[in-house]
Amino acid sequence: QVQLVESGGGLVQAGGSLRLSCAASERTFSSYTMGWFRQAPGKEREFVAGIRWGSSSTYYTDSVKGRFTISRDNAKNTLYLQMNSLKSEDTAVYYCAARQFGAVTTRKNDYNYWGQGTQVTVSS
C-alpha cells in the first residue's frame, strides 16, 4: 500500500510560481509511474503531467507545456511539480497519483494510489 502526501500548495498571484511535492511511503518508489492531476470546482479531475518509472520520460497536458515541469527524486521517494507563469485557470486541487510498472496515462482510473490533494489558488 503506497501512501502519498502532497505539499506546497497555496495562494499566488498570476505570473508567479509554486513547487508542489509528493512524498511517497513506498521504498520501491522508483518502480512507480507517477502523475499529477488537478480538479477545479465543478469540473472533472484532469491529467496535468506524468513521469514514467525507469526512463523518467515526462508527459504534459497541452495547457501546461512550457510552464510546468514534473520531476522525481527516487532517493528521497519524492515527486515534484514546478509550476511557473501561473494563470487563474490553474486554480484547482492538485493530486499526485501512482501506478506500479505502468506507462504514463491520462486516465485517472489507471492509477491505484492517490494523495489527499493540495489547494493551488492563483489570483488575477
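One line per residue, one yes/no per condition, for (1) at pLDDT 95 or above; (2) open to solvent by 50 Å² or more (accessible area, probe 1.4 Å):
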site	(1), (2)
R27	no, yes
T33	yes, no
A49	yes, no
T58	yes, yes
R72	yes, no
N84	yes, yes
V104	yes, no
Q119	yes, yes
S124	no, yes
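In this structure, is R27 of a type in the set (K, R) and in a strand (DSSP E or B)?
no
Every residue, every condition in (1) in a loop (DSSP other than H, G, I, E, B); (2) small (G, A, S); (3) farther than 16 Å from E6 by Cβ, yes or no:
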site	(1), (2), (3)
S63	no, yes, yes
G66	yes, yes, yes
T69	no, no, yes
L81	no, no, no
A97	no, yes, no
Worksheet entry | Residue within region 60-78 that is in contact (Cβ under 8 Å) with a residue 40 or more places away in the chain and of a type in the set (A, V, I, L, M) present | no
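The values are calculated or read from the model by the stated rules, or taken from the named source; none is laboratory data. Note that the structure is a prediction, hence the values are computed from the model and not measured. Quick reminder, even Gly has a Cβ in these numbers, built from the backbone with ideal geometry, and neighbours come from all protein chains shown. Ligands, DNA and RNA are excluded from the accessible area calculation, which covers all protein heavy atoms including side chains. Shrake-Rupley method; radii C 1.70, N 1.55, O 1.52, S 1.80 Å.
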